[in-house]
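Peer 1: Let me begin by handing over the structure; questions about it come next.
The values are calculated or read from the model by the stated rules, or taken from the named source; none is laboratory data. From a predicted model like this one, the values you see are computed outputs, not experimental measurements. Here the Cβ is made from the backbone with ideal geometry for all residues, glycine too, and neighbour counts use every protein chain on show.
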Amino acid sequence: MSHVLRESQVSRVSRVPQAVQVKEASEAGLVVRGLGKSFIAAGREIVALEDISLSVATGEFVTIIGPSGCGKSTLLRCIGGFERPTSGTVLVDGRVAAGPGTDRMIVFQSFDQLFPWLTALENVARALRITRTAPSVAESRRTACAYLELVGLSGYEDFFPHQLSGGMKQRVAIARALSVRPRVLLMDEPFGSLDALTRTTLQDELTRIWQETGVTILFVTHNIEEAIIQGDQIVVLTAQPGRVAATLRNPLPRPRSPEAALFCELWETIHNLLGFRRGAKVGGSLPRRRAVFDEVDVPQLATR
Amino acid sequence: MIRLRHLVTASARTLRQALFVTTLAGLWELAARAGRLPALLLPPFSDVAVALATETASGEILGRLGFSLALVGVGLGFAVLSAVLVTAAAMSARIVSEWVQTLMAILHPLPGIAVLPIVILWLGTGYRSIAAVIWFAAVWPLVVNLHTGLRSVPATQIEVGRNLGLRGLHLVAEVLIPGAFPHILSGMRVAWARAWQALVAAEMVFGASGGEGGLGWFIYKRRFFMEIPGVFAGMIVIVLIGLVVERVLFESVEARTVRRWGMTQE
Ligand SMILES: Nc1ncnc2c1ncn2[C@@H]1O[C@H](COP(=O)(O)OP(=O)(O)O)[C@@H](O)[C@H]1O
Ligand SMILES: [Mg+2]
């Protein structure tokens, strides 16, 4: 990437002192405020998440990156309404979200999220009927066809899940989740079980789908590269308990290539934030970042 | 092309099986005609075939068969109903689930026919008692399979259902039942086989005391009057029904559902 571009990216971003409380996120979209979650397991309390705050504006693509076990799934499940947070709130368009709802559709990592007794088309069409998004069966099939086309699965309408590859199954799951028109799409490492090639393809596809539909996406991954390629905002979580180490605004223009110098620097910044630099403290205070990203880094919300 | 070859090999197998059965019948005929065995103990196969034909033509066999199938239908129907209720209760409270499991451990090994004496004591010797024996023979395999089937549905699929707004009975109908279907189907298979066996056994015990009866009663009657080819004819019908239900009914349901969906366990 050219030096000029990088300068322009940097200058576009305001310089906000880290400790200063940033303005409240706008009402539209998803806001998570001070969310904490602890479990009682084997007789003792496990704090999975502590004081998580983040916001995803309507139409934004935000990624959450963190090591395995840092509570990413728990966070998504709290947002999705499948876990009750111990503290804090989840707001969708300013309204408190409690319990599962079609305004927050989750796409899971596991390949068994499709209903095996329904074809690809029926998996989507059935969701449309259940949620009464489509007024008739015929209408639901038409809409389902359109969504399968959106995810590049035209011609596979009548395939049962066991006849589809892992990547295709995830595509159907994305189509199904999108078809009921959620306010935010929650994705929990949806490509985590795919081979590297399929994964790259699906990342590009997801970007295209996001651009075509304008859907709001909160995407969880433990892969730094994926977090950078996908997210316009990257929330870095550290483990035990899961905390927001930083929220970075991604300065790279799309499509993002891992070869770009800025990409590498961002990668390294996140890597350091995750505590992988020798001598860096994990969890507690933030490790020092390299100069260039001290400027680029905009904490979107208070990181305490 | 592949389907055609599959069909050819399948029909070749059927042909071989038919050939084998025909050979057996021929051997039977020869053994009986050799004259060493009294015809009363082993009538020739041809006599059995004739008996089968005349009893069918007279409507006797169809009438008995209809009676038997209706009884099995009633017994199985009640068994399915109670298995659903028991499983629902077991799913709603852990303590009920424990009770059911204990009951199952105690009662499952007991053959249906073994409860007949008690059932006769309670309900008399009518068709109600036979239905009760069938119910008892079928209900436990149904409960076991329904229970394991429901628990085998992946948590992700249940969560997808909840995400779509499904709750309670809607969730059960849309996600849990189809997801448990492979187990439900094998439960139905075992239940049917046990019910059919229990039916014949119970009918034979009742014997002459009933005014009307099914296939078991038919066999009992023929033996009572020493019409041994009729006894064999009744047995053949029992075997045929078992085969038809298993091979035609259950196989085709399986091909259309579980195997089509790729939900077979193997
Ligand atoms: N239902 C639960 N009961 C007890 N502990 C749990 C439960 N779910 C998650 N945890 C704990 O919370 C932590 C975060 O888990 P998870 O959200 O799955 O992490 P990630 O998705 O980032 O890998 C882990 O330490 C895990 O053991
Ligand atoms: Mg996870």
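Peer 1: Which residue pairs have Cβ atoms under 8 Å apart, sit 6 or more places apart or on different chains, and have a first residue in the stretch A:191-207 that is within 14 Å of another protein chain (Cβ to nearest Cβ) and within 13 Å of A:Lys169 (Cβ to Cβ) and a second that is away from ligand 1 (no atom under 16 Å from the Cβ) and hydrophobic (A, V, I, L, M, F, W, C)?
Peer 2: Here the result reads A:Ser193/A:Phe111, each pair linking the stretch A:191-207 to a residue that is away from ligand 1 (no atom under 16 Å from the Cβ) and hydrophobic (A, V, I, L, M, F, W, C).
Peer 1: Could I ask something else about it? Starting from residues that are polar (S, T, N, Q) and touching a helix residue (DSSP H, G or I) at 6+ places or on another chain (Cβ under 6 Å), keep the ones in the stretch A:78-117 and report whichever is nearest to A:Asp158 (Cα to Cα).
Peer 2: Keep residues of the stretch A:78-117 that are polar (S, T, N, Q), which gives A:86-87, A:89, A:102, A:109-110, A:113.
Now restrict to residues that are touching a helix residue (DSSP H, G or I) at 6+ places or on another chain (Cβ under 6 Å): A:110, A:113.
Details: A:Ser110: 21, A:Gln113: 17 Å.
Only one residue fits best here, namely A:Gln113.
Peer 1: How many residues does the stretch A:192-214 hold that are touching a strand residue (DSSP E or B) at 6+ places or on another chain (Cβ under 8 Å) and within 16 Å of ligand 2 (Cβ to nearest atom)?
Peer 2: Count: 1.
Peer 1: Looking only at the stretch A:225-265, filter to residues that are touching a residue at least 24 places away in the same chain (Cβ under 8 Å), over 22 Å from A:Ser53 (Cβ atoms) and not in a loop (DSSP other than H, G, I, E, B); which one of those is farthest from ligand 2 (Cβ to nearest atom)?
Peer 2: A:Ala261
Peer 1: Another question about this same structure. Could you check how many residues of the stretch A:210-224 are within 12 Å of ligand 1 (Cβ to nearest atom) and either surrounded by 24 or more Cβ atoms within 10 Å (Cβ to Cβ) or not in a loop (DSSP other than H, G, I, E, B) (or both)?
Peer 2: Final tally of qualifying residues: 2.
Peer 1: Report every pair of residues separated by at least 6 positions or lying on different chains whose Cβ atoms are under 6 Å apart, first residue within the stretch A:72-95 and of a type outside the set (Ser, Thr, Tyr), second part of a loop (DSSP other than H, G, I, E, B) and within 12 Å of ligand 1 (Cβ to nearest atom).
Peer 2: Correct list of pairs: A:Lys72/A:Gly66; A:Arg77/A:Glu83.
Peer 1: A further question on this structure: Out of (1) more than 16 Å from ligand 2 (Cβ to nearest atom); (2) under 24 Å from A:Ser193 (Cβ atoms), what's the single condition that is false for A:Ser68?
Peer 2: For A:Ser68, the failing item is (1).
Peer 1: Looking at A:Leu186, A:Leu237, which is the one that is within 16 Å of ligand 1 (Cβ to nearest atom) and at pLDDT 95 or above?
Peer 2: On the way: A:Leu237 fails: at pLDDT 95 or above.
Going through A:Leu186, A:Leu237 in turn, the sole match is A:Leu186.
Peer 1: When the residues of the stretch A:85-105 are filtered to those that are within 14 Å of chain B (Cβ to nearest Cβ) and assigned to a loop (DSSP other than H, G, I, E, B), which remaining residue is nearest to ligand 2 (Cβ to nearest atom)?
Peer 2: Only one residue tops the list, namely A:Pro100.
Peer 1: Is it true that some residue in the stretch A:110-128 is within 16 Å of ligand 1 (Cβ to nearest atom), part of a strand (DSSP E or B), at negative phi and at pLDDT below 95? It would help to see each step written out before you state the result.
Peer 2: In the first step, residues of the stretch A:110-128 are kept if they are within 16 Å of ligand 1 (Cβ to nearest atom); the result is A:110, A:113.
When the remaining residues are screened for being part of a strand (DSSP E or B), the result is none.
No: zero hits.
Peer 1: Here's another thing I want to ask about it. If a residue must be within 7 Å of ligand 1 (Cβ to nearest atom) and within 18 Å of A:Arg95 (Cα to Cα), how many such residues does the stretch A:33-46 contain? Don't jump to the end; show me each part of the working.
Peer 2: Filtering the stretch A:33-46 for residues within 7 Å of ligand 1 (Cβ to nearest atom) gives A:39, A:41, A:46.
Within this subset, residues satisfying the condition of being within 18 Å of A:Arg95 (Cα to Cα) are none.
Within the stretch A:33-46, residues that are within 7 Å of ligand 1 (Cβ to nearest atom) and within 18 Å of A:Arg95 (Cα to Cα) number 0.
Peer 1: A follow-up question, please. Does A:Ala120 meet the test of being surrounded by 23 or more Cβ atoms within 10 Å (Cβ to Cβ), out of contact with any strand residue (DSSP E or B) (no Cβ under 7 Å at 6 or more places or on another chain) and farther than 17 Å from B:Glu174 by Cβ?
Peer 2: On the way: surrounded by 23 or more Cβ atoms within 10 Å (Cβ to Cβ): yes; out of contact with any strand residue (DSSP E or B) (no Cβ under 7 Å at 6 or more places or on another chain): yes; farther than 17 Å from B:Glu174 by Cβ: yes.
Considered against the rule, which asks whether it is surrounded by 23 or more Cβ atoms within 10 Å (Cβ to Cβ), out of contact with any strand residue (DSSP E or B) (no Cβ under 7 Å at 6 or more places or on another chain) and farther than 17 Å from B:Glu174 by Cβ, A:Ala120 comes out as yes.
Peer 1: Mind listing whichever residues of the stretch A:141-181 are more than 13 Å from chain B (Cβ to nearest Cβ) and acidic (Asp, Glu)?
Peer 2: The answer is A:Glu149, A:Glu157.
Peer 1: Which number in (1) within 30 Å of B:Glu29 (Cα to Cα); (2) surrounded by fewer than 15 Cβ atoms within 10 Å (Cβ to Cβ) marks the one condition that B:Arg259 misses?
Peer 2: Failed condition: (1).
Peer 1: Condition first: within 13 Å of chain A (Cβ to nearest Cβ), of a type outside the set (Ser, Thr, Tyr) and in contact (Cβ under 8 Å) with a residue 40 or more places away in the chain. Can you find one or more residues in the stretch B:153-161 that meet it? Before the answer, list the steps.
Peer 2: Taking the stretch B:153-161 as the starting set, the residues that turn out to be within 13 Å of chain A (Cβ to nearest Cβ) are B:153-161.
Then keep just the ones that are of a type outside the set (Ser, Thr, Tyr); that gives B:153-155, B:157-161.
Now drop any that are not in contact (Cβ under 8 Å) with a residue 40 or more places away in the chain, which leaves none.
Within the stretch B:153-161 (the criterion being within 13 Å of chain A (Cβ to nearest Cβ), of a type outside the set (Ser, Thr, Tyr) and in contact (Cβ under 8 Å) with a residue 40 or more places away in the chain), the answer is no, since none of the residues qualifies.
Peer 1: Okay, moving on. For a quick check of your reading of the model, give me the residue pairs whose first member lies in the stretch B:165-181 and is facing chain A (nearest Cβ under 8 Å) and in contact (Cβ under 8 Å) with a residue 60 or more places away in the chain, whose second is of a type in the set (Phe, Trp, Tyr) and part of a loop (DSSP other than H, G, I, E, B), with beta-carbon atoms closer than 9 Å and at least 6 apart or on different chains.
Peer 2: Close Cβ pairs satisfying both conditions: B:Phe181/A:Trp117; B:Phe181/B:Trp261.
Peer 1: Can you tell which of A:Leu49, A:Leu30 is more than 14 Å from chain B (Cβ to nearest Cβ) and away from ligand 1 (no atom under 15 Å from the Cβ)?
Peer 2: On the way: A:Leu49 fails: away from ligand 1 (no atom under 15 Å from the Cβ).
The unique qualifying residue is A:Leu30.
Peer 1: Could you tell me how many of the residues in the stretch A:56-84 are at pLDDT 90 or above, among the polar types (S, T, N, Q) and either away from ligand 1 (no atom under 15 Å from the Cβ) or outside any strand (DSSP E or B) (or both)?
Peer 2: 3
Peer 1: If you don't mind, another one. From B:Phe206, B:Phe225, B:Phe250, B:Phe232, which residue is away from chain A (no Cβ under 14 Å) and at pLDDT below 85? It would help to see each step written out before you state the result.
Peer 2: Working: B:Phe225 fails: at pLDDT below 85; B:Phe250 fails: at pLDDT below 85; B:Phe232 fails: at pLDDT below 85.
When all the criteria are applied, what remains is B:Phe206.
Peer 1: Kindly establish whether A:Glu45 is at pLDDT 90 or above and surrounded by fewer than 20 Cβ atoms within 10 Å (Cβ to Cβ). Step through it out loud before you land on a result.
Peer 2: On the way: at pLDDT 90 or above: no; surrounded by fewer than 20 Cβ atoms within 10 Å (Cβ to Cβ): yes.
So A:Glu45 does not fit the description; no.
Peer 1: Okay, moving on. Determine if the stretch A:164-185 includes at least one residue that is under 17 Å from the mean Cα position of the chain (by Cα), within 16 Å of ligand 2 (Cβ to nearest atom) and not in a helix (DSSP H, G or I).
Peer 2: no
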